[in-house]
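Reviewing the structure listed below.
Just so it is clear, none of the values below were taken in a lab; they were calculated from the coordinates. Since the model is a prediction, treat every value here as computed from it, not as a measurement. Neighbour counts are summed over all protein chains in view; Cβ atoms, including those assigned to glycine, are modelled from backbone coordinates with ideal geometry.
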Amino acid sequence: MLLNQFLLLGAFLFSTGVYGVLVRKHTVLVLMSIELMLAAVNINLVAFGAANHTVAGQVFALFVLTIAAAEVGIGLAIVLLIYRNLRTADLDDLELLKD
Amino acid sequence: MWFLDNAWLVPLIPALSFAVILLFGKRLPRKGSEVGIAAVGASFVLSVGAAIQWINHLRNADGTSALGALGRAVGRLSAEGPAVEPITRATTWFESGTFKLSAGIQIDGLAVMMMFVVTLISLLVHIYSSEYMRGDVRYTHYYAALSLFTASMLLLVVADNTLLMLIGWELVGLCSFMLIGHWWEEKPNSDAALKAFLTTRTGDIGLLTGVVMTFFIVQRYTGHGSFNIVALNDAASSGKVSHTLIMWCALALLLGIMGKSGQFPLHTWLPDAMAGPTPVSALIHAATMVVAGVYLGARLYPVFWNGLSIGTPGHGAWNAMAIIGGITVLVGATLAFVQDDIKKVLAYSTISQLGYMTMALGVGAWTAAVFHLFTHAFFKADLFLGAGSVSHSGSHHSFDMKKDMGGLRKVMPQTFWTFVIGSLALAGIFPLAGFWSKDEILVNAGRHGYTAFVVVGLLGALLTAAYMTRCIYLTFFGEYRGGHAHADDGAHGHVVDAHESADAHGHGGPHESNWVLTMPLWVLTALAVVTGLLNYPAWHRFETWFQPRVHFVEAPAVPFNPILAIVSVAIALTGIGVAWAFYSGRLRALHDLSVRNAVARVGKMILVNKYYLDWLYTDVIVGGIKGPIAAGAYWVNQHIIDNVLNFTGRGARAVGRFTYDYIDQKGVDGVINGIATVTGEAGGETQKIQTGRLQFYALLLVLAVGLFAAALWIFT
Amino acid sequence: MVAENVVFGIIAAAMVIGALGVVRTKNIVHAALYLVVVLAGGAAQFILLGQEFVAWVQVLVYIGAVIVLFLFGIMLTRAPMHPKESLDNDLRWPGAAVALFLAGILGGLLVKTFHADKVDIIAPTRTDAVTNAIFTKYIIPFEVVGVLLLGALIGAVVLARKD
């Protein structure tokens with residue numbers, strides 16, 4: 001198996017995740033897209049680990065996983081707060097930074 | 001020799017008194033007159049001392065002087081007696097490289113004589129003025145000006161170089177201006193002062209040119225130029241300097257003499273100068289200032305002698321100096337006949353006598369000219385002060401003989417007798433002073449080959465006697481005509497009110513003057529009688545004492561001619577007799593001749609209009625220059641200058657408007673506004689990035705990252 | 001080796017479809033389910049690579065907890081189930097362009113860098129090798145992550161508290 005096939009898969013997933021982050025209106029969907037990106041990173045890490053015969057890839061993938069979980073927790077908490085205050089979770093409605 | 005060495009004190013003391021009177025005079029008890037009198041008195045004493053010492057000096061030299069024998073051998077002597085150098089003292093005034101100006105005194109017989117005359121007459125005038133000008137509104141300034149005048153005249157007399165003489169000359173001109181215009185509130189007085197100043201200024205053109213030329217004459221002779229008079233006289237006599245230069249110098253100086261000493265045709269200012277107070281007329285315009293010109297001629301005589309070739313009658317028989325002098329004699333004498341104002345008669349008489357002096361210098365009679373200067377000072381001052389006395393006490397301050405005088409001899413005997421004796425001296429009657437001096441002039445003229453001028457002199461003597469008799473008759477004889485109110489002549493009206501209120505004696509009618517006024521008259525009369533004898537042919541004291549023995553000319557002495565003397569006295573007496581007969585009522589055939597006879601009428605009109613000289617000067621020459629030039633200047637100003645200015649102004653305005661409209665409003669403001677607009681637009685456009693939307697920012701972020709990555713990829 | 005490639009290909013295709021579904025579906029819950037497909041496919045790829053431990057952890061944590069969390073979040077924020085309008089904002093085309101650009105860059109770089117490197121799987125990695133490494137070599141990051149989780153826990157509780 002080529003290394004590149006895993007890497008390219010990871011690249012594709014990452015780009016799709018980017019697309020989702022930029023385009024999706026709902027905050028939760030944006031968070032999902034971010035999960036997509038993190039999954040792509042995981043694939044890359046593990047592929048590299050396997051190709052170089054080292055456990056570091058796995059270990060780091062584990063760490064990324066953990067952090068992703070923590071991040072989703074916090075993220076959803078924030079989304080809840082926003083929903084409570086603004087009655088909406090649409091990112092388009094969060095334009096208080098606009099002058 | 002103290003008085004001679006320190007003769008510089010003589011001009012200095014009146015100069016100091018001028019300053020003192022000007023600063024403190026008003027606060028002094030007698031308003032400054034005491035300072036003036038004291039100062040001039042001191043100068044007089046010093047002058048007398050100097051004269052005595054000079055005469056002693058000469059006597060010592062005449063004794064056993066080896067220098068005298070040497071002088072005789074050199075042949076530069078003109079009077080008997082050995083050579084005696086003038087006493088000189090000088091200090092450096094200004095030095096720059098090789099050029100050096102010195103200021104100093106040169107005291108010889110001529111200077112000593114002039115000092116004596118000036119200080120004596122100034123002193124008498126000071127004393128006279130204390131009563132005459134009492135109560136005048138500018139009494140103190142009057143005395144200050146008199147002091148300054150005395151100092152300036154003395155400076156002129158003692159100067160050892162022509163530059164210093166020039167300074168004195170100009171200062172006396174200034175004082176004359178100030179004093180003639182003493183009552184300047186009346187326009188005729190200030191006009192007269194201006195006329196005097198400007199006419200003498202015209203003559204001064206020549207004087208200045210001449211003084212500059214003297215510098216170069218000395219330079220040609222000694223190698224480096226100077227204004228020193230001794231050097232100048234030596235240079236002129238040496239024969240080593242170009243004759244043309246000396247001649248032009250003499251002619252230029254002659255122009256100066258004409259202006260200051262009232263020679264024809266620059267004499268017109270002197271009669272108008274009678275607008276000043278009478279003591280001023282006596283001092284300045286009779287005895288001292290007007291003779292400054294004659295003094296200049298006497299002092300620089302070698303220049304004139306050599307320049308105008310006076311010594312060689314064949315060539316110089318018609319030299320300019322003698323001719324001008326001769327014309328002046330006749331012009332002055334004829335005009336004196338038609339004057340109604342007593343002071344003007346005396347003014348024209350002065351002009352005539354100055355003509356005698358100039359004529360004498362012109363015919364080579366140095367001693368005669370100077371001697372006449374000496375005697376004339378005394379009797380003319382006597383006559384002027386007498387006229388002042390008459391007007392002060394006899395004719396209610398008027399000088400008009402026909403309107404306000406007459407028959408005054410009964411009420412003013414002292415004035416009358418002093419006036420008569422003075423007139424006889426003027427007319428040249430034996431044995432008074434005028435006889436000796438005038439006769440000497442005629443004798444010298446005849447001897448040196450200038451016979452025509454003898455005739456002129458005799459004619460002048462006739463006329464002099466005649467017009468003075470007319471003057472005496474109108475003033476002192478006949479009926480008193482001054483019964484009516486004050487006749488204030490416009491020409492010399494003064495502040496009568498102040499004078500009236502200050503008069504101690506009431507003005508009832510005409511009466512004799514105060515002793516303060518008559519004392520100077522007697523002093524001068526005495527001198528007029530006695531001084532003539534100073535040059536009595538047997539002893540020639542005047543010549544011995546005062547004629548220079550060195551740095552002078554070879555003019556042989558002329559012996560006394562008794563026949564000529566008798567002829568001149570006879571002519572004078574004839575003049576007196578004819579005039580007396582005419583004015584006292586006889587000689588009816590000649591009365592009112594000008595009314596009946598056309599020729600006589602024309603003649604009288606010419607005389608009354610003063611030979612139309614004033615008309616020529618004022619209306620023709622000055623007016624002709626003034627009119628077209630003034631009109632031309634006005635035209636240039638209105639049309640040319642104003643147009644240029646307006647055009648420039650309009651042009652500047654147009655440029656300004658253009659600059660404002662285009663460059664400022666459109667150009668500069670356009671650029672500024674453009675920058676602002678661009679910035680605003682750019683900001684506006686850039687503002688759109690701030691959508692406030694998170695995902696938009698994220699898009700930009702990712703895009704940037706992608707671009708960086710691409711850049712890295714491309715460039716590595 | 002060909003079998004591995006075929007398996008890889010199938011799983012990759014499933015993942016691709018799942019990813020596209022996440023970002024393009026109109027239904028949020030469907031998006032969550034598509035995410036499950038992606039994550040499961042990821043776990044399968046891990047197994048293919050011989051990394052069994054992380055594969056199971058991914059299934060347990062990611063799919064088991066995170067997705068459930070997502071579903072709860074969808075429920076609590078009353079996300080629209082049957083929306084009338086699209087779930088995309090108006091950045092679709094610029095976003096697509098940027099994503100494609102990014103993909104191109106990444107792809108190009110990867111191809112250029114790794115050419116035709118091979119992955120040789122000798123044997124599956126033993127779990128104890130992984131855990132040994134964690135507790136010896138990577139103990140510090142492990143502890144930090146533990147603290148991080150604690151912080152996240154507390155943070156989430158604080159944030160979501162109703163007060």
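Apply the a/c threshold of 1.5 to the C-alpha gyration tensor of the stretch B:383-477 and tell me whether it is rounded, prolate or oblate. Walk me through the numbers on the way to the answer.
Working: a/c = 3.47, a/b = 2.51, b/c = 1.38.
Prolate is the answer for the stretch B:383-477, as a/c is 1.5 or above and a/b outweighs b/c.
Where in the stretch B:160-230 are there GluC sites (Glu not before Pro) that are in a DSSP coil and have at most 13 other Cβ atoms within 10 angstrom of their Cβ? Display every interim value, and only then the final one.
Values: sites: B:Glu170, B:Glu185, B:Glu186; in loops: B:Glu185, B:Glu186.
Answer by residue number: B:Glu185.
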Here, B:Ala38 and B:Leu616, labelled 7 Å along Cα→Cβ, have an inter-label distance in nm of 5.1
Would you please state the base-10 log of I(q)/I(0) at q = 0.06, 0.08, 0.09 1/Å for the protein assembly as shown, with intensities from the Debye formula using one equal scatterer on every alpha carbon? -0.54, -0.85, -0.95
Report, in degrees rounded to the nearest 10, the 0 to 90 angle that the Cα long axis of helix B:33-64 makes with the longest principal axis of chain B. 60
Please work out, to two decimal places, the log10 of the ratio I(q)/I(0) at q = 0.11, 0.12, 0.20, 0.25 Å⁻¹ from a Debye calculation in which every Cα of the stretch C:78-158 carries one identical scatterer. -0.85, -0.95, -0.91, -1.09
Under 29 Å from B:Lys31, Cα to Cα: lysines that are on another chain or at least 8 residues apart: B:Lys187, B:Lys343, B:Lys380
If only Cα atoms are counted, what is the Rg of the stretch C:1-82, and what is its Dmax, in Å? 14.3, 48
Pairwise FRET efficiency - B:Ile566 versus B:Tyr634, Cβ, R0 = 60 Å, nearest 0.05: 0.35
Take the alpha carbon atoms of the stretch B:563-586, find their center, do the same for the stretch B:105-135, and report the distance between the two centers in whole angstrom. 33
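Per-residue ellipticity at 222 nm for chain B, helices alone: DSSP H runs ≥ 4 residues times -39500 (n - 2.57), over residue total, nearest 500 deg cm²/dmol? Provide the component values of the computation, followed by the final result.
Details: 32 runs with 478 residues, N = 716.
Result for chain B, helices only: -22000 deg cm²/dmol.
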For a test of the definition: using alpha carbon positions, the gyration tensor, and the 1.5 limit on a/c, classify chain C as rounded, prolate or oblate. oblate
Sort all Cα-Cα distances of chain B into consecutive 10 angstrom bins from zero, then give the percent of pairs in each bin up to the one containing the longest distance. 3, 13, 22, 22, 14, 7, 3, 2, 2, 2, 3, 2, 2, 1, 0, 0
Take B:Val48, project a point 7 Å from its Cα along the Cβ direction, then tell me which residues of the stretch B:127-146 have their backbone nitrogen under 18 Å from it. B:127-128
Long-range HN-HN contacts of B:Ser513 with modeled amide H, under 5 Å: B:Thr415
Amide H within-cut-off set for C:Asp88, under 5 Å, with H built and near neighbours excluded: A:Lys25
Could you tell me how far the Cα centroid of the stretch C:1-16 sits from the Cα centroid of the stretch C:100-163, in Å? 23
Estimated FRET transfer efficiency (B:Ala654, B:Glu681; beta-carbon r; R0 35 Å; 0.05): 0.40
Between the helical axis of A:56-86 and the dominant principal axis of chain A, each derived from Cα atoms, what acute angle in degrees is found, rounded to the nearest 10? 10
Enumerate the amide H contacts of B:Trp93 below 5 Å, restricted to partners 5 or more residues apart or on another chain; note that Pro and chain-start residues carry no placed amide H. B:Leu101, B:Ser102, B:Ala103
Along Cα→Cβ, 7 Å out, is where each label goes; now give me the distance between the ones at C:Trp56 and B:Asn56 in nm to one decimal. 16.1
Taking 7 Å along the Cα-to-C-beta vector as the label spot, tell me the B:Leu701-C:His30 distance in nanometres, rounded to one decimal. 2.9
So which lysines pass the test for B:Lys240, namely a Cα distance under 28 Å, with those fewer than 8 places away in the same chain ruled out? B:Lys100
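Rounded if a/c is under 1.5, else prolate if a/b beats b/c, else oblate: with a ≥ b ≥ c from the C-alpha gyration tensor eigenvalues square-rooted, which is the stretch B:95-165? Can you show the working numbers first?
Values: a/c = 6.44, a/b = 1.99, b/c = 3.23.
Oblate is the answer for the stretch B:95-165, as a/c is 1.5 or above yet b/c matches or exceeds a/b.
So how do B:Val599, C:Val37 line up by other beta-carbon neighbours within 10 Å, fewest first?
Ascending Cβ contact count within 10 Å gives the list B:Val599, C:Val37.
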Using θ = phi - 60° and Karplus 6.51 cos²θ - 1.76 cosθ + 1.60, couplings along the stretch C:58-68 (whole Hz; Gly, Pro as x): 4, 4, 5, 6, 5, 5, x, 9, 5, 5, 4
For the stretch C:130-144, take each phi angle, set θ = phi - 60°, evaluate the Karplus expression 6.51 cos²θ - 1.76 cosθ + 1.60, and give the result in whole Hz per residue in order, putting x for glycine and proline. 5, 5, 4, 4, 4, 8, 10, 6, 10, 5, 4, x, 4, 5, 4
Sequence order, the stretch B:125-142: Karplus ³J(HN,Hα) from phi using 6.51 cos²θ - 1.76 cosθ + 1.60, θ = phi - 60°, Hz rounded, Gly and Pro as x, gives 5, 4, 5, 4, 5, 5, 8, 5, 9, 5, x, 5, 5, 10, 4, 5, 5, 4
Post the alpha-carbon centroid distance, the stretch B:19-35 to the stretch B:664-690, in whole angstrom. 85
Semi-axis lengths, Å, chain A, gyration tensor of Cα atoms, sqrt of 5 times eigenvalues: 33, 15, 8
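Where in chain B is the longest stretch that carries no trypsin sites (Lys or Arg not before Pro) classed as loop by DSSP and with at most 13 other Cβ atoms within 10 Å?
Working: sites that count: B:Lys240, B:Lys410, B:Arg586, B:Lys688.
Counting at most 13 other Cβ atoms within 10 Å as exposed, the longest clean stretch of chain B is B:1-239.
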Value of [θ]222 nm, deg cm²/dmol, for chain C, DSSP H segments ≥ 4, -39500 (n - 2.57) each, nearest 500: -23500 deg cm²/dmol
